[in-house]
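Heads up: the structure comes next, in structure tokens.
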Amino acid sequence: MGEKEKNKDIEEYNPFEHREVVKPNSDLRSLANLIKSSLGSGLLAMPLAFSNAGWGVGIVGTVIVAFICGHCVHIFVETSRGCCRLERKPLLSYSETCRSAFANGPKCVRPLANFAHLFAEFSLCFTYLGVCCIFTVLIATSIKQLFDSYLTTTDIPVEQYCLMLLAPLCLLCQIRHLKWLAPFSLLANILLFATFAICLYYIFREPLTVSDKRVVGDLSRLPAFLSTVIFAMEGIGVVMPVENTMKKPQHFLGCPSVMVIAMTLVMCFYTILGVFGYLRYGEALRGTITLNLPMDDWPAICAKSFISVTIFLTYPLHFFVVIDIFTRYVQPRVQEKYHNVMQISTRILIVCFCGGIGIALPFLEQIINLVGALFYSILGLIIPGVIETVFRWEDLGRCNWILYKNIIIVFCGMFSLVSGCTVTISDTIEMIHQKTE
């Protein structure tokens with residue numbers, strides 16, 4: 001298909017007019033879900049990321065990563081809408097957009113359309129399985145700290161707390177519509193903001209010292225910083241489900257828009273807590289800043305409780321991506337009368353699988369860095385850059401600036417992937433070795 005015919009088809013068809021969403025979300029609910037997808041456990045890991053990079057590099061790096069991640073979300077959604085118009089479909093998922101972009105791209109890449117679809121599905125599934133593992137460990141670690149201080153007299157391992165969480169998580173993950181998850185996301189956002197405020201209270205209640213903190217950290221730890229920030233910023237797997245279920249999807253992009261407001265708020269919160277959290281606690285920072293708060297003050301106790309509840313309520317939003325993929329592949333192969341049983345049992349099995357991984361590898365910081373470096377680099381940076389380039393191959397702008405811009409994005413993603421995985425695996429091996437000694 002020539003560029004003129006493609007542009008004509010794109011202009012004639014408006015996918016928004018043909019969408020029939022059973023339970024559409026308002027702009028406010030969509031904003032709550034989008035913020036929650038990017039603003040979660042990663043927020044509390046930002047001070048540790050700044051300790052790896054230094055506060056000066058941390059500020060600049062966070063702003064740059066936020067801009068790149070926001071731009072990648074923008075170009076991917078724009079490409080998805082272009083594919084919808086070209087194929088005359090009301091909406092496409094993340095992986096369907098990848099397939100469509102290749103299927104309608106240059107002739108030499110069209111045979112790769114099915115591979116692109118499967119690769120995107122694989123990346124999405126394993127990314128959000130990793131996120132669910134992180135959430136299980138994070139909730140268990142916070143609960144353990146509270147119980148060890150106030151309720152239990154024996155030291156119960158974090159692995160047992162992971163095991164105890166499986167039953168309530170299995171119940172919560174039986175919710176099947178994003179519409180019903182929006183109130184949980186809103187409550188989780190409120191609790192997260194309260195935790196954020198309490199952390200700032202402890203950070204600023206005494207004068208901060210800047211002289212003994214590094215402006216530029218050790219360059220060998222920069223990949224760990226990038227991995228944490230990318231993990232914290234990225235929520236691209238939730239972007240398409242949120243945009244596809246909006247009552248007014250035309251409000252998702254633009255300025256101001258749901259996406260711009262969400263990413264701006266996320267960037268500000270991350271930068272503020274990252275820099276000042278590092279200035280307060282320095283090299284003593286742990287996986288999340290709430291673990292550094294004192295155990296004898298009620299505001300700190302509230303913060304540790306709030307973050308446990310927040311991540312617990314956020315779990316099903318990220319779980320939704322995983323179960324959506326499983327449902328698409330498994331449900332057509334199951335008789336209709338068994339669909340409900342299949343949904344219940346599959347959700348339970350996936351939650352138990354994530355809990356099992358958390359029990360086997362309860363290293364919070366290392367899992368965050370590995371998921372950020374490996375999967376979020378692929379999902380949030382590499383794939384959007386490649387997909388836009390393929391889809392717009394015949395019109396890459398003046399002097400092919402879109403091509404060169406996307407080459408830089410893909411290079412950043414590859415650098416984060418390789419260097420982040422190398423540093424994280426090395427750290428994990430060292431921790432396991434120390435644990436066994």
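The values are calculated or read from the model by the stated rules, or taken from the named source; none is laboratory data. Because the structure is a prediction, the values reported are computed rather than measured. Cβ placement follows ideal geometry from the backbone for every residue including glycine, while neighbour counts extend to all protein chains displayed.
Considering Pro299, Pro294, the condition of being in a helix (DSSP H, G or I) and under 25 Å from Ala197 (Cβ atoms) is satisfied by Pro299 alone.
With respect to Ile261, is the statement that it is assigned to a helix (DSSP H, G or I), of a type outside the set (Phe, Trp, Tyr), surrounded by fewer than 18 Cβ atoms within 10 Å (Cβ to Cβ) and on the phi < 0 side of the Ramachandran plot true? Yes, satisfied. Within the stretch 145-173, the set of residues being of a type in the set (Ser, Thr, Tyr) and surrounded by 17 or more Cβ atoms within 10 Å (Cβ to Cβ) comprises Tyr161 only. Checking the structure you have, find out if any residue of the stretch 174-185 is crowded, with 23+ Cβ neighbours inside 10 Å, modelled with pLDDT of 80 or more and over 20 Å from the mean Cα position of the chain (by Cα). Looking through the stretch 174-185, none of the residues is crowded, with 23+ Cβ neighbours inside 10 Å, modelled with pLDDT of 80 or more and over 20 Å from the mean Cα position of the chain (by Cα). Within the option set Val330, Val322, being surrounded by 23 or more Cβ atoms within 10 Å (Cβ to Cβ), in contact (Cβ under 8 Å) with a residue 12 or more places away in the chain and within 26 Å of Gly130 (Cα to Cα) holds for one residue only, Val322.
Table: residues versus (1) hydrophobic (A, V, I, L, M, F, W, C); (2) more than 27 Å from Ala224 (Cα to Cα); (3) at pLDDT 90 or above; (4) buried (at least 23 other Cβ atoms within 10 Å of the Cβ).
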site	(1), (2), (3), (4)
Ile357	yes, no, no, no
Phe375	yes, no, no, yes
Leu381	yes, no, no, yes
Glu388	no, yes, yes, yes
Phe391	yes, yes, yes, yes
Ile407	yes, no, yes, no
Val410	yes, no, yes, no
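Give the stretch 186-223 a look and list any residue that's in a loop (DSSP other than H, G, I, E, B), surrounded by 15 or more Cβ atoms within 10 Å (Cβ to Cβ) and either touching a His at 6+ places or on another chain (Cβ under 7 Å) or of a type in the set (Lys, Arg) (or both), or say none. Result: Lys213, Arg214. Taking the residues in the stretch 52-61 that are under 19 Å from Arg286 (Cα atoms) and not aliphatic (A, V, I, L, M) as candidates, determine which candidate is surrounded by the most Cβ atoms within 10 Å (Cβ to Cβ). Per the criteria, the residue is Gly58. Does Thr141 satisfy being at pLDDT 85 or above, crowded, with 22+ Cβ neighbours inside 10 Å and of a type in the set (Val, Ile, Thr)? Judged against the criteria, Thr141 is not a match. When the residues of the stretch 225-264 are filtered to those that are in contact (Cβ under 8 Å) with a residue 60 or more places away in the chain and among the hydroxyl-bearing types (Ser, Thr, Tyr), the one that is nearest to Asp324 (Cα to Cα) is Thr245.
The sole residue among Leu317, Leu313, Leu349 that is assigned to a helix (DSSP H, G or I), of a type outside the set (Asp, Glu) and under 26 Å from Ser149 (Cα atoms) is Leu313. Taken as a whole, the structure places Glu121 among residues that are under 18 Å from the mean Cα position of the chain (by Cα), in contact (Cβ under 8 Å) with a residue 12 or more places away in the chain and in a helix (DSSP H, G or I).
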